[in-house]
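Working notes for the structure below.
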Amino acid sequence: MKIIKSVNQLQKELKKLKKQGKSIGFTPTMGALHNGHLQLVKRMLKENDVGVVSVFVNPTQFNDAKDLKKYPRTLKKDSELLKKAKLDILFAPSEKEVYPKGKKNTLSIDLNGLDTRMEGKFRPGHFEGVCQVVHRLLDIVTPDRLYMGQKDFQQFTIIQQMINNLKLNVKLVVCDIIREKNGLARSSRNERLTKKQRDEAQIINKTLLWLKRNRNKYSVGELKSRALKKLEIPGFKPEYVSIVNGKTLKNIRKMSSHSYVVACVAVWSGEIRLIDNIILKNK
Ligand code: AMP
């Protein structure tokens, strides 16, 4: 596995590979890798001749300076995991490499309101930063396929919209949510939970599964209020439970009027914010 830190060197390397007709897969991450990330890497390596993973904690997508400061950075361990997974290229750039002209965002994309709901409402500027960094990384790597997780449902929906809007020549591949044994969605932020919090956080997945089981039993309003109550256990504070159309991300009123419906939640466990989702129906 090659570890590359400069854009120049990465592009030189990729140019060589593309000349040989090799297909390139790309998985952007912020590091502190776990099985969720590794699943994306595995699939990427299966479907492409060459796999590239970036590890870059993007400052422009953090709306909370404390969260950015505390975000785990474990590059040595990450590179060992990626080497074991037989990755071809690990791209670990500095901020200067990614944003040589400064962090100010010059990209303007009409996201059709997708970025104003749910995460967008509670994390102002977050998706602007996500689009900025993914756009920049795609520009550097120019992969054939881009790998992202369903764990961040709103994120991949927005990136797909960006790809469509800007007519970017890349195929987005979305991978399933990988969970811990107790059902908690794997996340780099789980490392910051105490053992007790991590155990209790299984309530999130349990509530999502309850929503799916009961999607036709209650009205959408009733489903949301019952789910919120379930999540209000001591030490936990739900920020939102949204039941939305999976394409527009708009709140729905009636389950039967939509064919693709997703429930998305954000919950605070102490100081840690956790997000998760489940597809309630898709046809
Ligand atoms: P992050 O490092 O958190 O920015 O995540 C990098 C990529 O991994 C994103 O596309 C995430 O959606 C994906 N990802 C993170 N956690 C999981 C998980 N538990 N299951 C599947 N994909 C995940």
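The values are calculated or read from the model by the stated rules, or taken from the named source; none is laboratory data. Just so it is clear, the model here is predicted, and its values are computed rather than measured. Neighbour counts run over all protein chains shown; Cβ positions are idealised from the backbone, glycine included. Ligands, DNA and RNA are stripped out before the accessible areas are found, and what is left, the full protein with its side chains, is counted by its heavy atoms. Shrake-Rupley method; radii C 1.70, N 1.55, O 1.52, S 1.80 Å.
Conditions (1) at pLDDT 95 or above; (2) open to solvent by less than 60 Å² (accessible area, probe 1.4 Å); (3) farther than 13 Å from Met30 by Cβ, marked per residue:
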| site | (1), (2), (3) |
| --- | --- |
| Val50 | yes, yes, yes |
| Val55 | yes, yes, no |
| Pro59 | yes, yes, no |
| Asp64 | no, no, yes |
| Lys70 | no, no, no |
| Lys83 | yes, no, yes |
| Ile89 | yes, yes, yes |
| Ala92 | yes, yes, no |
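Within segment 157-181, the set of residues being among the aliphatic types (A, V, I, L, M) and within 15 Å of the ligand (Cβ to nearest atom) comprises Ile158, Ile159, Met162, Ile163, Val170, Leu172, Val173, Val174, Ile177, Ile178.
The C-beta contact set for segment 60-82 (first residue free of Cβ contacts under 8 Å to residues at least 40 places away in the same chain, second residue hydrophobic (A, V, I, L, M, F, W, C) and surrounded by 13 or more Cβ atoms within 10 Å (Cβ to Cβ), distance under 6 angstrom, 6+ apart or interchain) comprises Leu68/Phe62.
Scanning segment 94-126 for residues that are on the phi > 0 side of the Ramachandran plot and either open to solvent by less than 70 Å² (accessible area, probe 1.4 Å) or not assigned by TED's automatic domain parsing to the domain that holds Lys12 (or both) yields Gly102, Gly113, Met118, Gly125. Take the residues in segment 127-156 that are crowded, with 21+ Cβ neighbours inside 10 Å and farther than 22 Å from Phe91 by Cβ, then tell me which one is farthest from the ligand (Cβ to nearest atom). The qualifying residue farthest from the ligand (Cβ to nearest atom) is Phe127. Residues in segment 179-191 include at least one that is modelled with pLDDT under 95 and of a type in the set (Lys, Arg).
For segment 98-115, the count of residues that are assigned to a helix (DSSP H, G or I) and either more than 16 Å from the ligand (Cβ to nearest atom) or modelled with pLDDT of 95 or more (or both) is at least one. The condition (being aliphatic (A, V, I, L, M), in contact (Cβ under 8 Å) with a residue 12 or more places away in the chain and loosely packed, with under 14 Cβ neighbours inside 10 Å) is satisfied by just one residue among Leu193, Leu209, Leu228: Leu209.
Here Ala266 passes the criteria (1) out of contact with any Pro (no Cβ under 8 Å at 6 or more places or on another chain); (2) surrounded by 21 or more Cβ atoms within 10 Å (Cβ to Cβ); (3) of a type in the set (Gly, Ala, Ser) except the one numbered (1).
Got at least one residue in segment 237-250 being more than 30 Å from Leu68 (Cα to Cα) and not aromatic (Phe, Trp, Tyr)? Within segment 237-250, one or more residues are more than 30 Å from Leu68 (Cα to Cα) and not aromatic (Phe, Trp, Tyr). Look at (1) away from the ligand (no atom under 16 Å from the Cβ); (2) open to solvent by less than 30 Å² (accessible area, probe 1.4 Å); (3) free of Cβ contacts under 8 Å to residues at least 40 places away in the same chain and you find that Leu10 fails only one, number (3). Residues in segment 13-22 that are charged (D, E, K, R) and open to solvent by less than 70 Å² (accessible area, probe 1.4 Å): Glu13 alone. Search segment 19-76 for residues being part of a strand (DSSP E or B) and more than 12 Å from the ligand (Cβ to nearest atom), and hand back the single one that is nearest to Lys5 (Cα to Cα). Per the stated criteria, the residue is Val52.
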